[in-house]
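Take a look at the structure below.
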Amino acid sequence: MRRVLVTGGAGFIGSNFVRMVLAEHVDCFIVNLDKLTYAGNLENLAEFLNHPNHKFVKGDICDGILVEKIIDEYKIDAIINFAAESHVDRSITEPKVFIETNITGTLTLLEAARDKKVARFVQISTDEVYGALALGQDAKFTEQTPPSPNSPYSASKAAADHLVKAFGHTWAVKYNITRSSNNYGPYQFPEKLMPLMINNALNDKELPVYGDGLYVRDWLYVYDHCTAVWKVLTEAPPGEVYNIGGCNEKTNLEVIDVILNRLGKPKSLIKHVTDRPGHDRRYAIDAGKIIKDLDWRPSVRFEEGINKTIDWYLQNHKWLSNVVSGDYQKYYEQMYKNR
Ligand code: NAD
Ligand code: DAU
């Protein structure tokens with residue numbers, strides 16, 4: 001039986017990962033350590049809270065004593081670090097917490113992994129560490145692309161990647177790093193493009209498009225990200241870095257168009273607003289290495305994935321109205337007040 005410490009498992013990707021593993025891999029026990037920030041939600045895991053192969057612990061990845069206690073008590077043999085502050089806009093208004101969680105938190109986990117001789121450490125990083133590409137180029141990010149992060153968020157993730165490599169080099173911590181493109185799917189907090197636009201369109205509210213809306217992202221259905229992480233955990237040699245992408249480059253306006261059509265809402269809801277400072281123009285992933293070396297590939301086509309996603313939000317309006325109540329409203333009003 002594998003015994004894995006998953007951090008951030010009450011967030012968007014982490015909860016999808018926990019759900020996938022518990023459904024598909026009976027030989028895996030998960031301890032799920034999550035601080036339950038605004039982005040973490042136990043409702044994301046409701047049906048798994050009493051699952052015999054899942055133990056939820058509320059806590060902070062910066063708490064080294066707690067992390068070591070979990071490793072000892074549950075005989076952890078692998079750590080997958082999903083926990084992070086993950087929203088670029090928030091990192092522009094309040095960068096400090098990104099440094100604390102994304103860098104100090106990763107350092108704390110690495111020290112515990114080293115001292116307790118945890119057999120594998122998988123760091124969930126992002127394509128944003130590579131910086132930005134121009135529109136109209138064929139170029140894509142490969143694992144050899146040098147890091148060149150542009151936002152406090154991506155800078156903190158790049159710093160964490162460097163720490164992971166340094167612990168591998170200095171103390172032989174066995175690690176992997178994954179760098180995925182933009183995920184979409186169920187349980188994504190509605191501050192990110194897709195769920196925010198779906199929620200606003202459902203409520204006939206304006207859709208705030210930053211700048212010209214021609215920014216390009218490579219969209220990956222979250223389930224496919226989860227299967228890639230599982231492959232890396234179970235099959236990758238230590239010390240390898242893998243890009244994970246969906247081969248689905250779309251402009252933000254193309255994504256919004258699909259949402260409006262599916263929901264039968266008018267284009268007049270679109271409002272071009274002041275751009276995000278330092279906005280990265282295009283991300284594009286070359287996922288050739290994980291496809292070739294680990295025989296992974298995305299299984300969900302964009303048209304299928306986005307329709308499934310919109311339908312999920314339609315069917316889970318209670319989840320959506322729960323997460324957008326209270327603090328989210330304050331965040332939203334503040335974020336879009338001056339745009
Ligand atoms: P999310 O914001 O939805 O979830 C983050 C989770 O981490 C939440 O449950 C939160 O409570 C928890 N958390 C935050 N600070 C913590 C702390 N100090 N201690 C313990 N738990 C803490 O994020 P997400 O979109 O699911 O992203 C997960 C990971 O994947 C992140 O590391 C992110 O950088 C990376 N990533 C995300 C995407 C994407 O498109 N969302 C793409 C590539 C990589
Ligand atoms: O590329 C991977 C990254 O993708 C992850 O590492 C991050 O955690 C994740 O948040 C995501 O970052 P982005 O900045 O690309 O995602 P976001 O959903 O915030 O924005 C996607 C695009 O949509 C981007 O060009 C900005 C634009 N946008 C976003 C919002 C929230 C808008 O035009 N209007 C909006 O209101």
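Over region 166-262, what lengths in whole Å, largest first, do the semi-axes of the equivalent ellipsoid take, defined as the square roots of 5 times the eigenvalues of the alpha-carbon gyration tensor?
Numbers: eigenvalues 236, 35, 29 Å².
Working from the Cα gyration tensor, I get semi-axes of 34, 13, 12 Å.
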Asn338-Glu73 pseudo-label distance in nm [points 7 Å out on the Cα-to-Cβ vector]:
4.5 nm
Would you list the P(r) distribution for region 22-114, with all Cα-Cα distances sorted into 10 Å bins from 0 and each bin expressed as a whole %?
14, 44, 33, 9, 0
So the angle from the long Cα axis of helix 327-337 to the longest Cα principal axis of the chain, reported in degrees to the nearest 10, equals 50 degrees
Which links in Lys55/Lys292; Lys55/Lys117; Lys140/Lys308; Lys55/Lys140; Lys289/Lys318 stretch past 29 Å when you go from one Cα to the other?
Lys55/Lys292; Lys55/Lys140; Lys289/Lys318
Amide H contacts of Asn183 (H built 1.01 Å from N, under 5 Å, at least 5 apart or other chain)
Leu220
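Evaluate the chain: find the radius of gyration of its Cα atoms, find its Kirkwood radius, and give the ratio Rg to Rh.
On the way: Rg = 19.1 Å, Rh = 20.3 Å.
Rounded to two decimals, Rg over Rh is 0.94.
Of all the accessible heavy-atom surface of region 133-280, with the other protein chains kept in place and a 1.4 Å probe, what percent is carbon and sulfur? If you can, show how the numbers build up before the last one.
Details: 2980 of 5760 Å².
That share works out to 52 percent.
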Measuring with a 1.4 Å probe in the full set of protein chains, what accessible area per residue, in whole Å², belongs to the chain?
42 Å²
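Would you kindly state how much longer the chain becomes between Lys58 and Gln329 on full extension, computed as 0.36 nm times their sequence separation minus their alpha carbon distance, in nm to one decimal?
Once the chain is fully extended between Lys58 and Gln329, it gains 95.1 nm.
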Separation between Cα centres of region 177-216 and region 30-57, rounded to whole Å:
24 Å
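The values are calculated or read from the model by the stated rules, or taken from the named source; none is laboratory data. None of the values given here were measured: they were computed from a predicted structure. Cβ: placed from backbone, ideal geometry, glycine included. Neighbour counts: every protein chain shown. SASA here: full protein model, heavy atoms, side chains in, ligands and nucleic acids out. Shrake-Rupley method; radii C 1.70, N 1.55, O 1.52, S 1.80 Å.
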